[in-house]
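What follows is a single structure, written as structure tokens, with notes after it.
Just so it is clear, none of the values below were taken in a lab; they were calculated from the coordinates. Keep in mind that this is a model prediction, so the values were computed, not measured. Cβ atoms come from the backbone with ideal geometry, glycine included; neighbour counts cover every protein chain shown.
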Amino acid sequence: MSTLYVRNFPDELYRKVRERAARDRRSIGGEVIVLLEEALKTEDDRDRRLRALEDIARRREALPKSSDSLELLREDRNR
């Protein structure tokens, strides 16, 4: 397993991580790992949703353009 050292870690951020680690009954290192995993998972989920929305937009553009619904109703009535 790799080791990660962080220089110039802000004191206030360290205090928050330390408090959260104590609350969750983890070491500070363990808490940092959990926080990083959560952040990366959230980023992956956001990217997946963005790709899905882009795919929907592409498919929507590929659909034939429909006529105005009011126009279609009038045509149907005239038959």
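A few notes on this one:
- Label-point separation, Arg25 to Phe9 (7 Å along Cα→Cβ), nm: 2.3
- Phi angles across segment 36-53 convert, under the Karplus curve 6.51 cos²θ - 1.76 cosθ + 1.60 with θ = phi - 60°, into 3J(HN,Hα) values of 5, 4, 5, 5, 5, 5, 4, 5, 4, 4, 4, 5, 5, 5, 5, 4, 5, 5 Hz, Gly and Pro given as x.
- Among [x] 15.8; [y] 17.8; [z] 15.0, the entry derived from the coordinates for Kirkwood radius over Cα pairs in Å: [y]
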